[in-house]
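What follows is one structure encoded as structure tokens, with my remarks underneath.
The values are calculated or read from the model by the stated rules, or taken from the named source; none is laboratory data. All figures in this text were calculated on a predicted structure; none of them were measured in a lab. All Cβ positions, even for glycine, are placed from backbone atoms using ideal geometry, and neighbour counts span all protein chains on display.
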């Protein structure tokens, strides 16, 4: 380890270059990991809520509703189907508007909002957005679902929103993955070049050690340790940059995603991110140093 630290002090600019490249790479890994976790949480939150709402005709019977729900729950891709009565709809409406007297109708000429003026409905949660068309087709054929004056079934479902959200999530994941792969390759090549240059610069000293009977592992061990130092220091710097990014972006993200993602980010998530980056940095630097030193071992045989 003393030899590894001495090598770092001898070439500080090379060491800074290695740490900088590792830091940028692992910063990108950290941000990509957080974005992936956030997108997964957003999709999961959306999928747990009713995604399709079919409004029912007044005067529907219990058997009609039970038959519709039975048909829906037996359909592939339907996670849950729930009947919302007029009274349930009134309670949900009151909960959504709070104590606003205007929306409750207590200070207007419309009269107080009652259960009679609200429609009953069936709320369906799909396990896969691809099943939306099948579910809507079933609802359109049902006689219990109400119709507009134009003869169109009253069905609400945000198909475009789900499709766009899924596309954006997949695009972000693919772009982040390609960026990380590119930066990882650059990082490995940079560390390999730096370690190879240091081994080449000390070839006379290494040749003397070989004449004295030193084994290959004894010679290359300081360079492997030096590379690991680059990886761990770069991982910590990358984590620190990620943490600063989270702190400064929280005031912007909290009002927009506060209902889905809890802010501030929990300490265990930050700690897990640090541990993951340290492990990734260790593996990355170890692989780089083994590639670089393996060339020396092959030449020395």
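The single residue among 279, 269 that is assigned to a helix (DSSP H, G or I), in the same structural domain as residue 194 (by TED's automatic domain parsing) and at pLDDT 90 or above turns out to be 279. Counting only residues that are surrounded by fewer than 16 Cβ atoms within 10 Å (Cβ to Cβ), touching a helix residue (DSSP H, G or I) at 6+ places or on another chain (Cβ under 8 Å) and either outside the structural domain of residue 280 (by TED's automatic domain parsing) or at pLDDT 85 or above (or both), region 11-39 holds 1 of them.
For residue 54, the conditions (1) within 30 Å of residue 179 (Cα to Cα); (2) modelled with pLDDT of 85 or more all hold with the exception of (1).
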